[in-house]
Each structure stands twice: as structure tokens, then as C-alpha cells.
1. Let's test the formula: R0 of 25 Å, r as the Cβ-Cβ distance of Asn71 and Asp105. What FRET efficiency results, to the nearest 0.05?
2. Under a point spin-label approximation (7 Å from Cα along Cα-to-Cβ), what is the Asn84-Glu32 distance to one decimal in nm?
3. What residues from segment 93-129 fall in the zone where the backbone N is under 16 Å from a label point 7 Å along the Cα-to-C-beta line of Asp151?
4. Going toward the positive end of the dipole of segment 29-159, with +1 on Lys and Arg Cβ and -1 on Asp and Glu Cβ, which of Gly92, Thr141, Leu43 do you reach last?
5. Tell me the label only: which of (i) 1.00; (ii) 1.09; (iii) 1.22 is Cα Rg over 2.2 N^0.38 Å as calculated from this structure?
6. Could you derive backbone 3J(HN,Hα) for segment 73-80 from the dihedral phi with the Karplus parameters 6.51, -1.76 and 1.60 (θ = phi - 60°), listing whole Hz in sequence and x where the residue is Gly or Pro?
7. Please list, ordered by chain and number, the residues whose modelled amide H lies under 5 Å from the amide H of Leu137; skip anything fewer than 5 residues away on the same chain.
8. Just to verify a number: FRET efficiency for Met124 and Glu98, C-beta to C-beta distance, R0 = 22 Å, to 0.05?
Amino acid sequence: MNRPATPSDLDFIYGLYMHPDNNPWLLYEPMEKQEFRNIFNELAGRGQLFIFLHEGMNAGMFKLVPMKYRNSHIIYLGGVAIDNEFKGRGLGEIMLQEVIVKVKDMGYRRIELTVATINEKAVMLYEKLGFINEGRLKDYTYLKSEDRYIDEYVMGLIF
């Protein structure tokens, strides 16, 4: 089950984004919670940030960002992470299956995402769920904390 993030989810979301196992794969550089609060408030305020629940507990997160105008049939999936306490139980797959159903129910025709080419586990999971690798973006993401660029794949799932 998933639900929209609320202000009380700040600590959980911040912990997921800043955890060293997750942070290299997510959008934001390590930062203090006060700085992150502005990002959180913006995403939650737009209704784009979601909490994945397992047995009533916060277990993961994702964001869904609708495109506009000629691309209004597309929604971007990002910020996908499972809390370390829940990793290894197949919950990432369950969460993404729920996301796919949710997006279909919302009337979108396509989900797209980018994923680091070196994040092989995530790439394999997306492929297992039907996402197609549509191309490679060279030096797409800059990891300031590591002073390096990484390539990402663009992946899409069309209904």
C-alpha cells in the first residue's frame, strides 16, 4: 500500500535520501535536514512524494512527477528507495508493481525514469517489471561528493 507523504514523514524521507547506500542513486547531494526540508515541502506540497507501507510501517518511498502539454500522458518515476530494515524481502518489486497499477489507474500511458547504468540491481528489477532501456545518457549525473559523472539509462514502460 502507498500513500501521499505528509509533513510528519520528513525524517523518514530524509533518512532514505541521505543514507549512504541510497544517496548515490538519488537526485540530491548529501545535505543537512534543514536544507532538505525545502525540497521535501515542495515535493509533498505538489502531491508528488509517496510513502510505501509494509505491514503498516513506512518501508519505502517514490515520487511521481507528471509531465505537461504534449507529454501529459507521461509520468516520471524517481526517488525510488526501500528502507534498509526492509531490504532483501522483495518489497522493491512489490512497491513498483503498486506504482504501475497506480499510474495506470491515474490514466497515464507511459512511465519513464532514469537509472544509473552501474546500478545493476535496479536496472534488472525495472526490466523484470517490463521497463525497456531506451538509451544511454552519457555523463548525465554529477556526484559532487565523489567529483565524478555517471551515465544513466532512460527506461520506459508504455501501457
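1. On the way: r = 19 Å, r/R0 = 0.78.
With a Förster radius of 25 Å, E is 0.80.
2. Placing both labels 7 Å beyond Cα along the Cβ direction yields 2.3 nm.
3. The answer is 114-121, 123-124.
4. After comparing all options, I get Leu43.
5. After the calculation, the listed value that fits is (i).
6. Here the 3J(HN,Hα) series is 8, 10, 10, 8, 9, x, x, 7 Hz.
7. Close amide H contacts, sequence-distant or interchain: Glu152, Tyr153, Val154.
8. On the way: r = 19 Å, r/R0 = 0.86.
Approximately 0.70, to the nearest 0.05.
Here, each number is a calculation from the coordinates, and none is a lab measurement. Since this is a predicted model, take the numbers as computed values, not measurements. Note: ideal-geometry Cβ built from the backbone for every residue, glycine included; neighbour counts use all protein chains shown.
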